[in-house]
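Heads up: the structure comes next, in structure tokens.
Here, each number is a calculation from the coordinates, and none is a lab measurement. Treat the numbers as computed from the prediction; the structure is a model and nothing was measured. For neighbour counting, all protein chains shown are included, and Cβ atoms are generated from backbone atoms with ideal geometry for every residue, glycine included.
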Amino acid sequence: MKLQGYMNQLAAAFHRPASRPQLPRSIQGLWKADLFLGSTGRDHWVGTTVKINPSRLEAAAGLRIAIVPSSAGASDAVRMDEQKNLVVCPVPHDFSFMQTFFEGMRIVQMLVARDFKMPSDSDLPNPAHREVARIYVERRNSKVSEVLDSVGVFAQPELLHTTPEDVTAALFETEQGPQTYTVLGPMPRSTSD
């Protein structure tokens, strides 16, 4: 899906339910996306829902991937939920993506609730969370593009060592056991050019 052309419509759908029917039928539920996975180079994106409780997954036109925490003792295989038309990707929670995602969401929610003014220690008791909040509060009056450029310095891309290779994606249960070498994710691009 080409996301760029629909961003204003998606933002309106998120804030004003009356504007939701104006989205193309195939993506009318995309305003529910928690995350977009894709490639900026090709402008191809997939609407993704992230739920801490897998039983709360909801189907919506335009959502294609669901990220949920893996359960102890249960399979962590990527599977297709035919009823909801979602590719369900269980991932570890503690000290992993799920925890980081929800901690980040809580920081953003607190910043929005406080109009991007510094939350109190009781609002964000974790010092690391307050430091993240401070980074954005200091840039409160800057343009979004300037903020993204300035905080990009903190990204430490050298911590990731990637190698391009073709991998297979199993979208449903097969006789073959779960494979940990299969990954769904956005296409990385080099910023050193």
Lys/Arg Cβ at +1, Asp/Glu Cβ at -1, dipole of region 4-91 taken about the Cα centre: which of L10, Q22, G73 is farthest positive-ward? Q22
If you place +1 on the Cβ of every Lys and Arg, -1 on the Cβ of every Asp and Glu, and leave all else neutral, what size is the dipole of region 4-91 about its Cα centre, to the nearest 20 Debye? 240 debye
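Can you give the relative contact order of region 69-154 as a percent, counting alpha carbon pairs under 8 Å and 6+ residues apart?
Numbers: 60 pairs, mean separation 14.8, N = 86.
It comes to 17 percent, rounded to a whole number.
To the nearest 0.05, what FRET efficiency results for N53 and D115 with a Förster distance of 35 Å applied to their C-beta separation?
On the way: r = 30 Å, r/R0 = 0.86.
Computed FRET efficiency for N53 and D115 comes out at 0.70.
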Placing +1 at every Lys and Arg Cβ and -1 at every Asp and Glu Cβ, with all other atoms neutral, what dipole size does region 97-151 have around its Cα centre, in debye to the nearest 20? 120 debye
Neighbourhood net charge (13 Å Cβ-Cβ; Lys/Arg +1, Asp/Glu -1) for R139: +1
Using the structure shown, list the pairs from K32/K84; K32/K117; K51/K117 with a Cα-Cα distance above 22 Å, or answer none. K32/K117; K51/K117
Ordered by packing density, taken as the mean number of other Cβ atoms within 10 Å over each peptide's residues, highest first, how do 28-34, 145-151 rank? 28-34, 145-151
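Normalized C-alpha radius of gyration of region 97-151, against 2.2 N^0.38 Å? Could the numbers behind the result be given before it?
Values: Rg = 11.1 Å, N = 55, 2.2 N^0.38 = 10.1 Å.
Ratio of Rg to 2.2 N^0.38 Å for region 97-151: 1.10.
Suppose the chain between I135 and R42 were pulled fully straight at 0.36 nm per residue; how much longer would it get relative to their current alpha carbon spacing?
On the way: separation 93, 0.36 × 93 = 33.48 nm, distance 3.04 nm.
Net length gain for the segment: 30.4 nm.
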